[in-house]
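These notes are about the structure you will find just below.
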Amino acid sequence: MQMTTEELAGGVTKVVLDGRLDVEGAQAIDLKMNVLAGSKPNMLIDMQKVSFLGSMGLRTIVTVARTIKNRGGKTALYAPDELVEKVLKTSGVDTYVPIHHDLQSAVASLSTT
Amino acid sequence: MSGDEQLTLRSRLTELSRVPQWLEQVGSQHGIPADTQFSIDLCLEEVLANIILHGYAGNPDRTIVVRYRTLPKSFVFIVDDEAPPFNPLDGPQTTTATYDEMQVGGLGIHLLRQFAQSIEYESTPSGNRLSLGFAASD
C-alpha cells in the first residue's frame, strides 16, 4: 500500500492511496493516517487506485474520519471503484464518510474557504 | 489434481498476503469472474484474520488450511483450523451502526454474510470448519 499527500486549496489535504487496503495495507498506513488526522483540518481520501478493501481498511477510514470530525473537520472519499464502493456501502461507512465521484464537488464539500 | 487446490497458512497476519496470490491462480484456472473473486478474497480475509486474532489468540505457529471445490454453479471455499470451538456466525453484528461509536469487531462478519452466498459452520474433531459458497456467475 502506497500513500502520498497533496495540499489543495481551502484547507483540504488529499491523500492518495494505491494498493490493497487489507490487513497488511491498513497496518502500513495506520500510523501515518492517524498523524495526518490529528493535524490536518479536512481530508479527501483518493480511492481510485485502491484495488481491495476489507474490514481493517474500513476501520482505518472510520478512525481517521472520527478523529477529524472530533476536531471540527470533514473527511470524504473520492472515486472508489465499483467493488470497493460496494464494501463501503454494504458496511454503511458511506453514510459516515461521503463518497464523491466528481473531484470538484468533493473538494467543495470539504473546503473551508 | 493440482497441488494448488489447497493453501496451508501459519497463524500470523503476514501470511494473509499469500491468499490473493493463490486466488489469482485459482481464478484464472477456473474462470472465476472478477467480482466473485473479489467477494472470495474479502470473505477469506475476514475469516482468516478472525481465526488468527481470536481463534488462535495470537499464537503464530498454528495452521489454517484453505481448500476449494468447484460445483456446477458455484465455488465452495473451505477453511479448517485447530482452534477451540468457535462459530463466528454467533457473534454480534455491526451493520449501519453509528460510526461515532463503531464496534469494528462485528463488521467483518457482516461483510461475510453479505458477500458470501452461503456460509456453513461445523465443529470438527480437531477444530472448526467454515464453508463459504459463491455463485459461479452473476
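The values are calculated or read from the model by the stated rules, or taken from the named source; none is laboratory data. Keep in mind the model is a prediction, meaning the values are calculated, not measured. Methodologically, a virtual Cβ is constructed for each residue, glycine included, from the backbone with ideal geometry; neighbour enumeration extends over all protein chains shown. Surface areas here come from the heavy atoms of the whole protein model, side chains and all, with no ligands, DNA or RNA. Shrake-Rupley method; radii C 1.70, N 1.55, O 1.52, S 1.80 Å.
What is the antiparallel percent of DSSP beta bridges lying wholly in chain A, to the nearest 5?
Values: 7 of 22 bridges.
Taking every DSSP beta bridge with both residues in chain A, the antiparallel ones total about 30 percent.
On a 0 to 90° scale, report how tilted helix A:55-70 is relative to the longest principal axis of chain A, with both axes built from alpha carbons and the result rounded to the nearest 10.
Here the helix axis deviates by roughly 20 degrees.
Can you show me the helix-derived [θ] at 222 nm for the protein assembly as shown, built from DSSP H runs with n ≥ 4 at -39,500 (n - 2.57) apiece and divided by the number of residues, rounded to the nearest 500. Kindly include the intermediate steps, with their values, before the conclusion.
Working: 7 runs with 88 residues, N = 251.
Calculated at 222 nm, the ellipticity per residue is -11000 deg cm²/dmol.
Please state the relative contact order of region B:2-135 as a whole percent: Cα pairs under 8 Å, 6+ residues apart? Please report the intermediate quantities before stating the final value.
Values: 203 pairs, mean separation 34.7, N = 134.
So the answer I get is 26 percent.
Please get the size of the charge dipole for region B:1-42, origin at its Cα centre, with Cβ charges of +1 on Lys and Arg and -1 on Asp and Glu, quoted in debye to the nearest 20.
With only Lys, Arg, Asp and Glu charged at Cβ, the dipole is about 220 debye.
Quick one: buried accessible area between B and A, total over both chains, 1.4 angstrom probe, nearest 100 Å²? Mind dumping the intermediate values first?
Numbers: alone 7840 and 5950 Å², together 11730 Å².
Interface area, both chains combined: 2100 Å², rounded to the nearest 100.
Can you give the log10 of the normalised intensity I(q)/I(0) at q = 0.15 Å⁻¹, computed with Debye over equal Cα scatterers of region B:1-42?
Taken in order of the listed q values, log10 I(q)/I(0) reads -0.38.
Translational diffusion coefficient of the protein assembly as shown at 4 °C, 1.567 mPa s, Stokes-Einstein with Kirkwood Rh over Cα pairs, in µm²/s as a whole number. Don't jump to the answer; show the numbers that get you there.
Working: Rh = 18.9 Å.
Estimated via Stokes-Einstein, D reaches 68 µm²/s.
Just give the residues from region A:82-107 buried by at least 20 square angstrom of accessible area in the all-chains context relative to the isolated chain, probe 1.4 Å, and say none if nothing qualifies.
The answer is A:Leu83, A:Lys86, A:Val87, A:Thr90, A:Ser91, A:Gly92, A:Tyr96 - residues whose exposure falls by at least 20 Å² when every protein chain is included.
When chain A is modelled as a GNM with alpha-carbon springs shorter than 10 Å, which of A:Val23, A:Val62, A:Val97 fluctuates the most?
In this elastic network of chain A, the residue with the biggest mean-square fluctuation among A:Val23, A:Val62, A:Val97 is A:Val23.
Size of region B:2-135 along its principal axes in angstrom, Cα-based, largest extent first?
Between the extreme Cα coordinates on each principal axis of region B:2-135 lie 44, 33, 26 Å.
Within the protein assembly as shown, what percent of beta bridges assigned by DSSP are antiparallel, to the nearest 5? The partial results should precede the final answer.
On the way: 33 of 48 bridges.
Approximately 70 percent, going by the DSSP bridge assignments.
Using the crude model of +1 on Lys and Arg Cβ and -1 on Asp and Glu Cβ, and no other charge, please compute the dipole size for region B:2-135 relative to its Cα centre, in debye to 20. Let's see the in-between values first.
Details: 9 positive and 17 negative charges, 52 e Å.
That gives a dipole near 260 debye.
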